[in-house]
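Q: One structure, as structure tokens, below. Some questions next.
The values are calculated or read from the model by the stated rules, or taken from the named source; none is laboratory data. Note that this is a predicted model, so its numbers are computed, not measured. Every residue, glycine among them, receives a Cβ derived from its backbone with ideal geometry; neighbour counts consider all protein chains shown. These accessible areas exclude ligands, DNA and RNA; they are computed on the full protein's heavy atoms, side chains included. Shrake-Rupley method; radii C 1.70, N 1.55, O 1.52, S 1.80 Å.
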Amino acid sequence: MDFRYAVENTEILIPPSGMLETFGNTLLDYILVSESMDSIDSCHIRTGRMKLQRPQIITPAAYSQMLLEGFGEEARKYVQWLAEHEEDVHILRYGYTLKRESFSEETVSRPIEAILQDAANDVRSKKDPYLALVRGVDDPWDVCLVRLFWEVVRNSARKNIYDMAKQHLFEHKQAGLSREARQEIESAFSAAARDSSLIQQLGALLQKHNVFEVYEDRFFELVNRRRTS
């Protein structure tokens, strides 16, 4: 069986409602249910986590080398097929990478519809914006995860592009900064906004790139927020 069979038989029953972070990593949890190929009324339930790293703007030539750590050959073929056929595949040029983390697998002797119903109730009760329920195939099941990833990317693309354009990341240089340095700074701002103990580290980074005056207003906004909190 190849990736086409898996793609055609993948159904994202409960997609994640959250969008991918533009300037930080995103952790996406999944529950993948598939019928066993070896026995009737037996299913495999795979749960795990995908780590999607912050978008990186890279050249079209480099984009085809997108890394899918822990994924099989059919999953890689599917990504290549997307590169050749999908109009919206430009989002992959931002360099999202995938990792399978916190993986577990169990076999349950119950009809798949009953398993899916229980799983759906569990997902809805958790109200986690980064948890998805997928009905897929047993082999190659990792292609089902690429299918999930692709849908999340497409749903997040407009916001990610807007955020990056707002920070002039599609320009070759701004204020003497490379794209990579600007993305590093934006990631540091996001981290400092969540954890005020990182503000000093952010200031050092701005000084390192000799652009403190460019970001001065945003930097002191974080400082003032820490003082009033």
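Q: Counting C-alpha atoms alone, how compact is segment 105-213: give Rg to one decimal and Dmax as a whole number, in angstrom.
A: Here Rg and the maximum Cα pair distance are 21.2, 64 Å.
Q: Follow-up question, since we're still on this one. Accessible surface of Arg225 in the full protein assembly, 1.4 angstrom probe, to the nearest 10 Å²?
A: Approximately 110 Å² for this residue.
Q: Given H placed on each backbone N at 1.01 Å, which residues far from Thr22 in sequence or on other chains put an amide H within less than 5 Å of it?
A: Hits under the 5 Å cutoff: none.
Q: Right, next: Can you give me the distance in nm between label points at Thr47 and Lys166, each placed 7 Å from the Cα along the Cα-to-Cβ direction?
A: 3.5
Q: With a Förster radius of 22 Å, plug the Cβ-Cβ distance of Asp118 and Leu27 into 1/(1 + (r/R0)^6) and report the FRET value to the nearest 0.05.
A: 0.40
Q: For the pair Leu13/Gln201, report the inter-label distance in nm, with labels modelled 7 Å from Cα in the Cβ direction.
A: Those two pseudo-labels are separated by 4.0 nm.
Q: How much accessible area does Lys208 have with a 1.4 Å probe, in Å² rounded to the nearest 10?
A: Around 150 Å² of this residue is reachable by solvent.
Q: Give the ranking of Leu198, Leu116 by solvent-accessible surface, highest area first, calculated with a 1.4 Å probe.
A: Working: Leu198 55, Leu116 10 Å².
Descending accessible area places them as Leu198, Leu116.
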